[in-house]
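Q: Below are the structure tokens for one structure; questions will follow.
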Amino acid sequence: MTAAQDVVIRVQGLKTQFGSQVIHQGLDLEVRRGEILAIVGGSGTGKSVMLRTLLGLKKPEGGRIEVLGVEITADQDDETLRALRRRLGVLFQDGALFGELSVAENVAAPLKEHTDLSDETIEAIAALKVAMVGLPANAGPKKPSDLSGGMKKRAGLARSLALDPDILFLDEPTAGLDPIGAAAFDDLIRGLQGAMGLTVVMITHDLDTLHAICDRIAVLAEKRVTLIGPMTAMLASDHPWVREYFHGPRGRAAQPERGREAEDRE
Amino acid sequence: MAAKAGALSVAAFGRWTLDELAGLEERVREVSPAIRSAGVFDAGRIEALDSAGAWLIDRLLGAWRARGFGVDIVGLKAEHATLLRLVAANDRAAEVARDENILLVVLMRMGRAFDRAMRDGRDLIAFNGAIVTTAAAALVGRSRLRFVPTLVHLEQVGFNALPIVSLISFLIGVVMAYQGASQLQKFGAEIFVVDLVGVSVLREIGILLTAIVVAGRSGSAFTSQIGSMKMQQEIDALRVIGIDPIEALVLPRVAALVLGLPLLAVFADIMGLLGGAVMAWGALGITPLQFVERLGEQIGPAQYFIGIAKAPVFAYLIALVGCRNGFNVKGSAASLGRLTTRSVVESIFLVIVLDAAFSIVLAALDL
């Protein structure tokens, strides 16, 4: 496999701004196939804007973005973009389930839109996806408003996986979940990522998630990606914000036992 | 995919993905009847496998098991095996909502609607009670009418509504004079246009139209203002701080509307008559002086006062419904939108019902 195929998202010199306020300037980022990449950063550093830009929902003011070999910053015809979107799955923060449809219908919606399969097959595949995210069988006919926050996230995940995407985007997947639910969700994502061969790009503030399942972490600060690498690189960095983030009281608490002992000896 | 006779061997090759699934299903359907003995499934030449393809393989393997035969899987790549295991563990029959007897559904809906209407009515009466007791407490000094918010609301519901109310009233005056003129001309009774416009504007149309405009403008605004505060837990915050939301939010709005609507109605009456007079002059040659004289002779002050007397009652109703629906908003933005719509529909409906009741009562009293 060549290096070009290895990179599924390539961002070069990205610039985004709202009015006179510049959010990103000269931002570079590469996402490799099959990895779980987390994007972290303080409030207002433009993590969500970044996600919307990668999804093509917001046009950047400058720079070049390539997703699965398609340059989304250039003018592309609708068919190319549609084909690209079909290969991306997104879990929005609160699930963004369609309130009028049942959970099963939510999961079936992308299948109905993008395939010519029979209703029975679509129903069966939707039920499979609902089961794969760990929801009970009776969740299928329920309306999103009847689900708890954690179940909504799982249902949203099932919908984002409906078309077996190449890249899965997660916006704060564990926000609002209790620690047990968050840990279970981490395991679920890791399990699905391994079995389905997904590339996962997530925005998260959850230090436990960062430790447990993320291969690499990209730190957004000073309008660009200031640091990218595995957890060890984060812990070794002397960038003030990164130190504060990973060595602050919460960062220390989230570190696995072994790492913390090593640090205490320093 | 190919099937060999004898010890049945099925080999899959190519891409087993969602895009190819329709064609693959076809082939699986062709092969399935041939399963009459134990067999071998050769997965060695599968190029790509996703969960949809894995699902189909699982269903095919299931066909062997369902008929009581064993099946060996050979050549499965490690990454495909993981996916197939995950899918096999989660493949289950889809559970769908049961279709219910249509007659039963209709009956249930009617029952629910009736039940809701009764509850709404009871809630509205209870809410009315809360407003009245708070207002009474304000009168004896045990709670207070907040002066500044009341003035702010008076500006919003009264003063800011002047342009739209006057425009609508003026145009309705014009329309009535014109339509009346074309009918009355047939009898040579043009001058009666003044009676027609006078009675209908002063007694009915002026106040009714104003109330409908205000219900659409301010009743809905009350619901969305209080409703969004409810959504953001601001109402809970008020209670915790020790401020009565009825006193702080509802009383100023009710007071502003009860004061503002009669004032708007006076204005609407003037504009309506003006519209009628302009049209009577233009279309029938009735001079403004003749119009005013005829108005003075034929239409007594009673018509005017009956119209204005309805205004505070309508105003109270609109404010009551608007505020009540605001407090009924639940967490979602959808419920805010639904209740805002409902508050407009309910208040206009109640205003018209009450207007009809007024007509009957006043007719019985010979007014």
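Q: With the requirement that a residue be within 14 Å of chain B (Cβ to nearest Cβ) and over 17 Å from A:V130 (Cβ atoms), what does the stretch A:168-198 give you?
A: Once the filter is applied, which keeps residues that are within 14 Å of chain B (Cβ to nearest Cβ) and over 17 Å from A:V130 (Cβ atoms), the stretch A:168-198 yields A:G176, A:D187, A:R190, A:Q193, A:G194, A:G197, A:L198.
Q: Going through the stretch A:110-141 one residue at a time, which ones are more than 7 Å from every other protein chain (Cβ to nearest Cβ) and free of Cβ contacts under 8 Å to residues at least 12 places away in the same chain?
A: A:K112, A:E113, A:S118, A:D119, A:E120, A:P136
Q: Mind checking which residues of the stretch B:36-69 are within 25 Å of A:L198 (Cα to Cα) and within 12 Å of chain A (Cβ to nearest Cβ)?
A: In the first step, residues of the stretch B:36-69 are kept if they are within 25 Å of A:L198 (Cα to Cα); the result is B:43-59.
Hits for the stretch B:36-69 are B:A48, B:L49, B:D50, B:S51, B:A52, B:G53, B:A54, B:W55, B:L56, B:D58, B:R59.
Q: Quick one: how many residues across the stretch B:71-101 are of a type in the set (D, E) and at pLDDT below 80?
A: Count: 3.
Q: For the stretch B:70-177, which helices (runs of 4 or more DSSP H) that fit wholly inside it have 3 or more residues that are within 14 Å of chain A (Cβ to nearest Cβ) and without any contact (Cβ under 8 Å) to a residue 60 or more places away in the chain?
A: Output list reads B:78-90.
Q: Filter the stretch B:68-96 down to the residues that are under 23 Å from A:P136 (Cβ atoms) and of a type in the set (D, E, K, R) and list them by number.
A: B:R85, B:D91, B:R92, B:E95
Q: Still on this structure, I have one more. Please enumerate the residues belonging to the stretch B:190-205 that are farther than 20 Å from B:A302 by Cβ, surrounded by fewer than 21 Cβ atoms within 10 Å (Cβ to Cβ) and modelled with pLDDT of 85 or more. Explain how you work it out, then say what you get.
A: Initially, the stretch B:190-205 is screened for residues farther than 20 Å from B:A302 by Cβ, giving B:190-191, B:193.
Next, only the ones that are surrounded by fewer than 21 Cβ atoms within 10 Å (Cβ to Cβ) stay: B:190-191.
Scanning the stretch B:190-205 gives a single hit, B:I191.
Q: Okay, next question. So if I check each of B:V258, B:V292, which one is closer than 30 Å to B:A135 by Cα and β-branched (V, I, T)?
A: It is B:V258.
Q: For B:A52, which of the numbered conditions (1) of a type in the set (G, A, S); (2) under 12 Å from A:A124 (Cβ atoms); (3) without any contact (Cβ under 8 Å) to a residue 12 or more places away in the chain fails to hold?
A: The failed condition is (3).
The values are calculated or read from the model by the stated rules, or taken from the named source; none is laboratory data. Since we're looking at a predicted model, the values are computed, not measured. As a convention, Cβ positions derive from the backbone with ideal geometry for all residues, glycine included, and neighbour counts pool all protein chains shown.
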